[in-house]
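This report concerns only the one structure given below.
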Amino acid sequence: MMDGVGAEVRKLIRPLQADLKRLLQELVRTNSVASPPDGNETPAQQVLQVFFREHGVKSVLYDTAFIEKSGNALVRKNRRYRGRKNLHAHVSGTGRGKSLLLNGHMDTVPPGVSAWSRSPWSGQSGDGRIHGLGAFDMKGGVVANAAVLCALVRAGIRPSGDVLFESVVDEEWGGGGGTIAARLRSGSADACVISEGTQLEIYRATRGGFTVDLIVDAGDTSGYFSKSEVVSPAIAIGRLLGWVDRCAKRRARLKSTGAYKTFSDPVPVQVLAIEANGLGREIPLSVPSRATVRVYFQFLPEEDVDTVIDGIHADLVEFSKADKFFQKYPIQWVPLLGGPLYGHELALDHPLTRCMAESAGAVLQRKPVVTAAPYPCDAGLIHRDFGIPTLLFGPCGAGAHNVDEYVEFGSVLRTAEVLLAAALTWNG
Ligand SMILES: [Zn+2]
């Protein structure tokens, strides 16, 4: 039966292929960068709404600003939502089956400071790839989600359960605002798939994450070139980096009992940036008065994240008490985005995991890999806070949050086929 489903969904997606490619290119060419507290997602959401209209799918574009006054404790206070719009669409089922939510985010990170080989907004196609910022994270996935609804409407198929689509804002930078708005406005579902890039693997778990800036102010602007003794945090942060390294090694000894069991470093601790003075020609030769180390911690779904963070903070306090320099110039602990993100895990034998594994098997003609995501995302919110069983399945690509990002377009089509097969067979 499932082999039949594989052939059926291929037939349903194939006529849309050229349109989907053009849509993806147009979405990549439409800047939807989020840079806290703001985000510029709406023009790309409008592109997608026009596409839906042309394919007979009704959709609703709505402002997410209402969450600021919703009183919901999950809403971050350090963001602005006015004018940032989510796109919602759905295909009603016959009511016999359970509903399936296809979630994706339209915002991208900024292109960064390193040089791209082509414009981040080129949307260029070549070697089976679509190039550009957000192609992999995650406009390719959003296009695959949209394809499912377009294919159902085009073929006049009513699945047994409702199929819900949402393209949300404010996922990058751990915002979650778009997904929170979607839950408050569009309600719940029986299951959710987020089509983040997964290399056509099924990710049944995501990690938690927390970013903190460790700032040392040891300014002595009057001193350099004028006093014999100069105070600078530049060498002291070398010792601070040593603390981060020891912390990372201690965390790396942690053994996962769940989906991350096979990961060699299940809870990475990474230094994302170090800043102390600058190298540009506009910077005079002098010592820095401030040094910052930006550290990114990740957590297993089964960890008590808040307690772990408290422990790390306490350890840092101990470290600085034993260091004369840091006694005098304290290390400031400044969370970058506010509170942490929490991970999630869906059981291997959950009906959704089984349905996705069967659908992927039928389309890909092989046993699919079921593993865990090397990153946090909105899954934690949807699964833990809103109680919707969630997993990730999406296209192949590379360069997320880096230069020369691309997605393999064939894998976008495979994602659409797998999600369509899941929508047709999901009954909880
Ligand atoms: Zn993403």
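The values are calculated or read from the model by the stated rules, or taken from the named source; none is laboratory data. Please read these numbers as outputs of a predicted model, since none were measured by experiment. Neighbour counts run over all protein chains shown; Cβ positions are idealised from the backbone, glycine included. What goes into the accessible areas is simple: the full protein's heavy atoms, side chains included, and nothing from ligands, DNA or RNA. Shrake-Rupley method; radii C 1.70, N 1.55, O 1.52, S 1.80 Å.
Given the criteria more than 16 Å from the ligand (Cβ to nearest atom) and part of a helix (DSSP H, G or I), does Leu352 qualify? Criteria met by Leu352.
The residues of region 172-215 that are within 14 Å of the ligand (Cβ to nearest atom) and in contact with a Gly (Cβ under 6 Å, 6 or more places away or on another chain), listed by number, are Ser195, Glu196, Gly197, Thr198, Thr206, Arg207. Please verify whether Val143 is closer than 13 Å to Leu420 by Cα, open to solvent by less than 60 Å² (accessible area, probe 1.4 Å) and either within 16 Å of the ligand (Cβ to nearest atom) or aromatic (Phe, Trp, Tyr) (or both), treating the condition exactly as stated. For Val143, the condition - closer than 13 Å to Leu420 by Cα, open to solvent by less than 60 Å² (accessible area, probe 1.4 Å) and either within 16 Å of the ligand (Cβ to nearest atom) or aromatic (Phe, Trp, Tyr) (or both) - is met. So in region 386-428, with the set limited to residues that are assigned to a loop (DSSP other than H, G, I, E, B) and aliphatic (A, V, I, L, M), which one is nearest to Ala73 (Cα to Cα)? Filtering region 386-428 for residues that are assigned to a loop (DSSP other than H, G, I, E, B) and aliphatic (A, V, I, L, M), the one nearest to Ala73 (Cα to Cα) comes out as Ile388.
Selection of region 150-159 for residues being in contact with a Leu (Cβ under 8 Å, 6 or more places away or on another chain) and not in a loop (DSSP other than H, G, I, E, B) yields Cys150, Ala151, Leu152, Arg154, Ala155. A single member of Val293, Val369 is open to solvent by 60 Å² or more (accessible area, probe 1.4 Å) and in contact with a strand residue (DSSP E or B) (Cβ under 9 Å, 6 or more places away or on another chain), and it is Val369. Among the residues of this structure, Glu166 counts as one that is of a type in the set (Asp, Glu) and surrounded by 21 or more Cβ atoms within 10 Å (Cβ to Cβ).
Against the test of being open to solvent by less than 10 Å² (accessible area, probe 1.4 Å) and farther than 14 Å from Ala146 by Cβ, the options Ala44, Ala34, Ala7, Ala18 yield a single qualifying residue, Ala34.
Conditions tested, residue by residue: (1) within 16 Å of the ligand (Cβ to nearest atom); (2) at pLDDT below 95.
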site: Phe325; (1), (2): no, no
site: Pro335; (1), (2): no, no
site: Gly338; (1), (2): no, yes
site: Gly343; (1), (2): yes, no
site: Leu348; (1), (2): no, no
site: Met356; (1), (2): no, no
site: Leu364; (1), (2): no, no
site: Pro368; (1), (2): no, no
site: Gly380; (1), (2): yes, no
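Cβ-Cβ contacts under 8 Å between residues 6 or more apart (or on different chains), taken from a first residue in region 157-186 that is not assigned by TED's automatic domain parsing to the domain that holds Ser70 to a second residue that is open to solvent by 10 Å² or more (accessible area, probe 1.4 Å), are absent.
Is there a residue being farther than 16 Å from Cys192 by Cβ and within 16 Å of the ligand (Cβ to nearest atom) anywhere in region 91-107? Within region 91-107, one or more residues are farther than 16 Å from Cys192 by Cβ and within 16 Å of the ligand (Cβ to nearest atom).
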